[in-house]
Amino acid sequence: MRRMMAGVTLLALLITNCLAQADGLPLAAQFDVYKAFERNQSYKLEETGEWSAHDLIAAQVLRTISSGAARPHMSSGVCILYPSVRGNTLLGLTEVLLNICLVKTEPLGASSLSIVTEGIRYDFLNTSQKSQIGSYTCETFALPMDKQGMAMLRSIADSGGYSISIYGDTKQYRTTINEKSADLTDKQTIEALSMDTVHSFLSELDQNGLFRYSLWDLNAGHWAEDRPQMAVVSLSDEPYSEELPKLDEAFHCLVNIDRTAVAKLQQLLKDRAFYAGKLDGKFSTDTRVAIREAQRYHGLLQTGQADRMLIELLAGTEVAREATAETPKPQLVTSDQIINAEAGVSYRRNGVAEVQLDRRWFAKKMLPMLATTKPTPTQQTENTTNPKPTETPQSTPSIDHSAIVPKNISNMLLIIDGKITNLSTEPMFLPKDTQAEVAIGDQYVYPFTVRCEQGNGKTIGTGLLPLESARLVLFAEVPENVTSDHSITITLRIKGFIDQMDLAY
């Protein structure tokens, strides 16, 4: 027996921290964050656990539009912005949406937009939808916010304003929105209400921990259908050649109404075999198609709007892009050392395994990252003049046999995830090769189940082939009342790794 035990070296990951604090493994939002919005008229909860809401300030802005305040300005258009939030009470997911509504007599048929704040342009590629604000028809975008999107909201609030450009097939809408002040026109005053919604909502997000949120990839997998694409571009201050097509100052994009600038762009596109039409200086459908093809070729977001980066790529004079941060190298370990480890850091023993733990959250159900069994939510429109009762969707989700739920429905799942790579020449079978447990406070110990994702994130599995990497998932069934202020200690052991590794906070 001693010889057998001597041949099995174990990894022990010890994680101790207080769930009420922000340190330790990054938290998702509070598992009951939806309770902060239950009193709002906009709050909707489906039987599937899906919920959505916006706050009272956003509701007031929508009522202002529905009351007719935008009527005198509909020929030129009025643009309002307000954040909202959606989530799933079972999966413990929460996602912030940025809603943009353009109220205009003649819709643009928009398919992309850009927001500029504090020297950064955020591009979004997403077809607009028709919606109602009271009796007014408008074009709306619902843009999911990831980590970069949340940084954009914070930047808008800190700077006190932003510029937005919404691109249609033949026309565009552009405006700059600032904090309310005495020298604004009536139209600008209406649009300035958007800043109230941002400040109000960010305060709500801070109270509920959403700026420490870390489940961005799970959100994208759960709400995958028709999900917009997003790109972040730093607006360069480097000199720009006067020989190149003219750019606007705010967005660093081609001035589409300048026929000389458009003709120069058409020539660049033609020189690079993206365009075969006339050099007529008209920003035509053929020109937009050529721009999109050039953007696709160079790996850029296909907005159909030529910006500085694309133009300089076409001209061969591209300003050097910012260096991307290198992926941290894993820390090498041996079998006879004790490691004071950190969350988010990868630890590697050559020929054995590489392990990293990243975050934790509570949920009533766990699905693989890219599970797509959720029914499409019924799209709700805001009608503040004659609100209708919420209808329960008729569609029902298909049965997902890969879903993991507590055996006792009054319990919660404590979930930890990260990454694991099998560096050995033999398959790794997690139920056999791993052991894990979680200690709650000083009295209770619960067993962890250790699994990995397979099928590119579509199923929960048990094994890793040699040199295979996968998302590592640990889950334990714990009483619901431990999600408040109890300290936890997580211990993970993997056969053949190292003697002990401590994650101390």
- line: Of the accessible area of the range 154-222, computed with a 1.4 Å probe and all protein chains kept, carbon and sulfur make up a percent value of 45
message: Show me the ranking of peptides 152-159, 403-410, 84-91 by mean Cβ neighbours inside 10 Å, starting with the highest.
response: 84-91, 152-159, 403-410
query: Counting Lys and Arg as +1 and Asp and Glu as -1, what is the net charge of the other residues whose Cβ lies under 12 Å from the Cβ of F211?
result: +1
task: Compute the FRET efficiency between S234 and V445 as 1/(1 + (r/R0)^6), taking r as their Cβ-Cβ distance and R0 = 51 Å, and round to the nearest 0.05.
output: 0.55
- request: Report, to the nearest whole %, how much of the accessible area of the range 230-269 belongs to carbon and sulfur atoms, 1.4 Å probe, protein only.
  value: 49
query: Which peptide among 307-315, 236-244 comes first, and what is the full order, when sorted by highest mean count of other Cβ atoms within 10 Å?
result: 307-315, 236-244
- prompt: Which trypsin sites (Lys or Arg not before Pro) does the range 193-276 hold that lie in a coil by DSSP with at most 13 other beta carbons within 10 Å?
  reply: none
statement: Two pseudo-spin positions, 7 Å from Cα along C-beta at E179 and at L465, lie apart in nanometres by 5.9
statement: The set of residues whose placed amide H lies less than 5 Å from the amide H of F448, leaving out same-chain residues fewer than 5 positions away, is A436, E437, V438
- prompt: With contacts defined as alpha carbon pairs under 8 Å and 6 or more residues apart, what's the relative contact order of the range 186-317 in percent?
  reply: 18
- line: Quick calc: nm separation of the 7 Å Cα→Cβ label points for W216 and A276 -> 4.1
field: Rough spin-label spacing in nm, given labels placed 7 Å along Cα→Cβ, for E437 and E480
entry: 2.7
- request: Round to the nearest 0.05 the FRET efficiency obtained for E106 and T334 when R0 = 56 Å and r is the Cβ-Cβ distance.
  value: 0.20
query: Expressed as a whole percentage, what fraction of the accessible surface of the range 20-112 belongs to carbon and sulfur atoms when a 1.4 Å probe is rolled over the protein heavy atoms?
result: 49
task: Roll a 1.4 Å probe over the protein chains and send me the accessible area per residue for the range 148-199 in Å².
output: 43
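The values are calculated or read from the model by the stated rules, or taken from the named source; none is laboratory data. Values in this document were obtained by computation on a predicted structure and should not be read as measured data. Cβ sites come from the backbone with ideal geometry, for glycine too, and all protein chains shown count toward neighbours. In case anyone asks, the SASA skips ligands and DNA or RNA and just uses the protein heavy atoms, side chains included. Shrake-Rupley method; radii C 1.70, N 1.55, O 1.52, S 1.80 Å.
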